[in-house]
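Down below is the structure, laid out as structure tokens.
Only the coordinates and a few stated rules stand behind these numbers; no lab work does. Computed from a predicted model, the values in this text were never measured in an experiment. Ideal geometry is used to build each Cβ from the backbone, glycine not excepted, and the neighbour counts take in all protein chains shown.
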Amino acid sequence: MRISRALIAVAAFIVAALPSYAPAQVESTPIPAPNKPNFSSMEFLVGTWTCSTRSARRPAPYVTTVTYALDSTGYWLNQTSTTNATAWISRKLTTWDKITYDSDSKRWVDVSYGDGGAYGLSFSSGWNGNKMSWHDVSFAPGPDISAQSDTTNTKVSGTKITSSSNFTETKTGRKVGVTGVCTKH
């Protein structure tokens, strides 16, 4: 009997010393969906616009057709912009923007991408009266442009928007103004 008591004691010690593994519990709580953005301040954009943009270092403005549409999920305002070729733009260019509101950081977000590897990420605190400024956090100084300002859009009416910004040329240090006027069809 002594051996069996000793074996039982050893077996009990081994069982107690081994870590107990319980099967992992599967989390059943669904991931909370973020609130859908309130696009009421941006709804006037929905539709097609013609924009004329003038850079002080170009001989003439270039024209862009811009279309805004709310996506079916209710989380994004989609923007498609197409610029036809000009003397200094060698081919038609298209960019796509996805605009939403981040309620956690309380800011508008514009994620953009386009032909030829174009990309951008901009933030805005929203409309301040009839003005909305966008800060491009993806900008990095380079051989041509050393700095850039925020882009400020001004809502003149429900069918007209103006924009203004500037950038600094790396080689000359010259500040170059860029202005735009968009009208809704």
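If each of HIS185 and ASP102 carries a label point 7 Å out from its Cα toward its Cβ, how far apart are those two points in nm?
About 3.4 nm separates the two model spin labels.
Which FRET efficiency value, to the nearest 0.05, do you get for LYS175 and THR67 by plugging their Cβ-Cβ distance into 1/(1 + (r/R0)^6) with R0 = 35 Å?
0.65
Most exposed first by the Cβ proxy, i.e. fewest other Cβ within 10 Å, how do THR50, THR83 rank?
The fewest-first ordering by Cβ neighbours comes to THR50, THR83.
For each of LEU93, LEU121, count neighbouring Cβ atoms within 10 Å of the residue's Cβ, then give the residues from fewest to most.
LEU121, LEU93
What are the extents of the Cα atoms of region 63-138 along their three principal axes, in Å, largest first?
Principal extents (largest minus smallest coordinate, Cα): 42, 27, 25 Å.
When only Cα pairs under 8 Å and 6 or more residues apart are kept, what is the percent relative contact order across the chain?
16 percent
Under a crude label model (7 Å from the Cα following the beta-carbon direction), how far is TYR75 from ILE145 in nanometres?
Each label point is offset 7 Å from its Cα along the Cβ direction, giving 2.9 nm.
At 7 Å along Cα-to-Cβ for each site, give me the label-to-label distance between SER138 and THR162 in nm.
2.8 nm
Residue separation times 0.36 nm, minus the C-alpha to C-alpha distance between GLN25 and THR86: what's the value?
Contour length minus Cα-Cα distance gives 15.8 nm.
Roughly what angle does helix 2-17 make with the longest principal axis of the chain, taking Cα atoms, 0 to 90 degrees, to the nearest 10?
Roughly 10 degrees between the two axes.
On a full-extension model of 0.36 nm per residue, what is the gain between VAL46 and SER125, subtracting their alpha-carbon distance, rounded to one decimal in nm?
Contour length minus the Cα-Cα distance gives 26.4 nm.
Based solely on C-alpha atoms, express the radius of gyration and the Dmax of region 56-185 in angstrom.
15.4, 47
For ILE31, ILE161, what's the fewest-to-most ordering of other Cβ within 10 Å of each Cβ?
Exposure proxy ranking, most exposed first: ILE31, ILE161.
Quick check on the chain: helices-only [θ] at 222 nm, where DSSP H runs of length 4 and up contribute -39,500 (n - 2.57) each and the sum goes over total residues. Nearest 500, please.
It lands at -3000 deg cm²/dmol.
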